[in-house]
1. Does residue A:54 qualify as being in a loop (DSSP other than H, G, I, E, B) and either in contact with a Pro (Cβ under 6 Å, 6 or more places away or on another chain) or without any contact (Cβ under 8 Å) to a residue 24 or more places away in the chain (or both)?
2. Which fully enclosed strands (runs of 3 or more DSSP E) of the range B:60-114 have 2 or more residues being within 14 Å of chain A (Cβ to nearest Cβ)?
3. Quick one: how many residues across the range B:63-82 are closer than 19 Å to residue B:15 by Cα and of a type in the set (Val, Ile, Thr)?
4. Filter the range A:79-106 down to the residues that are among the hydroxyl-bearing types (Ser, Thr, Tyr) and at pLDDT 95 or above and list them by number.
5. If you scan the range B:1-43, which residues turn out to be free of Cβ contacts under 8 Å to residues at least 60 places away in the same chain and on the phi > 0 side of the Ramachandran plot?
6. Please state which of the following conditions residue A:27 fails to meet, knowing it meets all the rest: (1) within 14 Å of the chain's Cα centre (by Cα); (2) more than 11 Å from chain B (Cβ to nearest Cβ); (3) crowded, with 17+ Cβ neighbours inside 10 Å.
7. Look through A:16, A:55, A:96, A:103 and report the one residue that is within 14 Å of chain B (Cβ to nearest Cβ) and surrounded by fewer than 14 Cβ atoms within 10 Å (Cβ to Cβ).
8. Looking at the range B:34-59, which of its residues are more than 9 Å from chain A (Cβ to nearest Cβ), among the small types (Gly, Ala, Ser) and open to solvent by 20 Å² or more (accessible area, probe 1.4 Å)?
Amino acid sequence: GENVEQHPSTLSVQEGDSAVIKCTYSDSASNYFPWYKQELGKRPQLIIDIRSNVGEKKDQRIAVTLNKTAKHFSLHITETQPEDSAVYFCAAKISGGNQFYFGTGTSLTVIP
Amino acid sequence: GAVVSQHPSWVICKSGTSVKIECRSLDFQATTMFWYRQFPKQSLMLMATSNEGSKATYEQGVEKDKFLINHASLTLSTLTVTSAHPEDSSFYICSASTGVYGYTFGSGTRLTVV
């Protein structure tokens, strides 16, 4: 199966700074890479995703980049705000499969 | 969009008792549901994959006799924690595939065993 690694496990940034979370995957057949934000005690919420035929995608302050050759993808949050504080998970889905393989999560704290 | 309803949202039970958690797909048919366990500030650990009309597939290290999964219909999957002990206390969450790229989560169940 797929193996997704995520770094860092914890990240603290000052409000207004940027945050970057990186993930690598092992199976070259993976073709869909979503990112989820999870607040304490709540369900993960999809915040952005990217498919393997795209190298970068942006949605306001959030962007995701994908390097298929190196098998890694990253989440970029600019102009961070305290409400961005949460745990973020990356995931990968193998083409033709229906299971998502999750990274180990990054606990982001934005310091006001 | 696709919604998965999970109940209860939290439950406290005594050691030795069993607890059932339900996940329902409200506006779509979920042939496959996934059950996860999550400890505070940790990742989602896949416990089992629940397939409608067949036996669930459990991940290595997950006791199938302790965590009973039933997926009797296209809209309902249940997880029963049998003979619960304090170490079973955790956040349990289900999810369902909603298409080629869709994946929706239930709201989670906080289980506390006392």
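The values are calculated or read from the model by the stated rules, or taken from the named source; none is laboratory data. Being a predicted model, the structure only gives us computed values, none of them experimental. Cβ sites come from the backbone with ideal geometry, for glycine too, and all protein chains shown count toward neighbours. Remember, those area values only see protein heavy atoms, side chains included, never the ligands or the DNA or RNA. Shrake-Rupley method; radii C 1.70, N 1.55, O 1.52, S 1.80 Å.
1. yes
2. In the range B:60-114, the matching strands (runs of 3 or more DSSP E) lie at B:90-97, B:103-105, B:109-113.
3. Qualifying residue count for the region: 3.
4. Of everything in the range A:79-106, those that are among the hydroxyl-bearing types (Ser, Thr, Tyr) and at pLDDT 95 or above turn out to be A:80, A:85, A:88, A:106.
5. Selection gives B:41 alone.
6. All conditions pass for residue A:27, except number (1).
7. A:96
8. The answer is B:53, B:54, B:56.
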